[in-house]
Amino acid sequence: MSIQTQETVKRISVPDIAGRKGGEPIVCLTAYDAPMAALLDPHCDVLLVGDSLGMAVHGLPNTVGVTLEMMILHGQAVMRGAKRAMVVVDMPFGSYEGGKEVAYANCVRVMQETGAQAVKLETSIELAEIVEFLVKRGIPVMGHVGLRPQAILAEGGFKAKGRTDYERERVMAEAKATAEAGAFCIVIEGVAESLAREITETIDTPTIGIGASAACDGQVLVINDMLGMFDWTPRFVRKYADLRTEIDRAAAAFAADVKTRRFPAEVETYFSKKPASQ
């Protein structure tokens, strides 16, 4: 009797991404559910379960209201759909700022309950010691500097960073501290091109840009933005599709067919079986 074996797909690892510094650009998109993760998996090196799901999926005004339970739920879904890409889960606001032990416990929970390969933290000079604490205990950390969405309330909105000398020095210091703490990769969001280039050329850690120019070692976009699901997107987004229009068209066509009883048609209807002839 022959035994059929399923071909094993080798998943991209943390060392794989860490080794991409200055090499082939890293392709990253956000994903929040299993079907989308399966579609994106062949094309992406990294799938980020971003806390942007608070706005993109749950309709929240920002990411502050996202909970650990929400991140775990969506992380589990993405892991079911992704077989090749490395999966990274965002740690939500309030889950890691309360101290090393709290951060460690929450990160362990996320990794154990989702099976993801790494976590992402919005990092700063002050949080570098937490990154180091996590990394030394076997938790791969992706950093995030520049515009930090979880700090929106303190900073008064989504504003590009690094346009003044003070901000430039601050973001550069954050990137250096995060890299020195052991982060295997750093997301740079919403900063001037010259600053993104300087950070990328200064640190040995790969950088992934979002609104940070092509100077970074890779790029990430929110999948809903990239697919044109919203009527407004940030300046740095390039829409590769217009699904908002397509979904509107499809829903309108369905509604019209239902109202005129064109749907369901005979081909989409079940009928009783004819009795067997005697």
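The values are calculated or read from the model by the stated rules, or taken from the named source; none is laboratory data. Remember, it's a predicted structure, so these values are computed and weren't measured experimentally. Positions of Cβ are generated from backbone atoms using ideal geometry, with glycine treated the same way; all protein chains shown enter the neighbour counts. Surface accessibility is based on the protein's heavy atoms, side chains included, excluding ligands, DNA and RNA. Shrake-Rupley method; radii C 1.70, N 1.55, O 1.52, S 1.80 Å.
Tabulated results
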read-out: Flag if residue 59 is touching a residue at least 60 places away in the same chain (Cβ under 8 Å), more than 19 Å from residue 119 (Cβ to Cβ) and either in a helix (DSSP H, G or I) or over 15 Å from the mean Cα position of the chain (by Cα) (or both); value: no
read-out: Which numbered condition residue 154 misses (of (1) within 23 Å of residue 100 (Cβ to Cβ); (2) open to solvent by less than 50 Å² (accessible area, probe 1.4 Å); (3) at pLDDT below 95); value: (2)
read-out: Selection from the stretch 258-278 of residues that are small (Gly, Ala, Ser) and at pLDDT 95 or above; value: 265
read-out: Some residue of the stretch 95-118 being among the small types (Gly, Ala, Ser), open to solvent by 50 Å² or more (accessible area, probe 1.4 Å) and on the phi < 0 side of the Ramachandran plot; value: yes
read-out: Residue in the stretch 112-126 that is assigned to a helix (DSSP H, G or I) and of a type in the set (A, V, I, L, M) present; value: no
read-out: Those residues of the stretch 61-94 which are over 17 Å from residue 148 (Cβ atoms), charged (D, E, K, R) and open to solvent by less than 40 Å² (accessible area, probe 1.4 Å), in sequence order; value: none
read-out: Breaking point among (1) under 26 Å from residue 27 (Cα atoms); (2) buried (at least 16 other Cβ atoms within 10 Å of the Cβ); (3) β-branched (Val, Ile, Thr), for residue 135; value: (2)
read-out: Tally, over the stretch 15-35, of residues that are outside any loop (DSSP other than H, G, I, E, B) and over 12 Å from the mean Cα position of the chain (by Cα); value: 7
read-out: Residue, most open to solvent (accessible area, probe 1.4 Å), within the stretch 192-218, restricted to residues that are in a loop (DSSP other than H, G, I, E, B) and small (Gly, Ala, Ser); value: 214
read-out: Selection count where residues are in contact with a Cys (Cβ under 6 Å, 6 or more places away or on another chain) and acidic (Asp, Glu), scope the stretch 184-215; value: 0
read-out: Within the stretch 219-278, tally of residues that are closer than 30 Å to residue 21 by Cβ, part of a loop (DSSP other than H, G, I, E, B) and open to solvent by 70 Å² or more (accessible area, probe 1.4 Å); value: 5
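Conditions (1) closer than 22 Å to residue 33 by Cα; (2) touching a residue at least 60 places away in the same chain (Cβ under 8 Å), marked per residue:
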| residue | (1), (2) |
| --- | --- |
| 221 | yes, yes |
| 241 | yes, no |
| 253 | no, no |
| 261 | no, no |
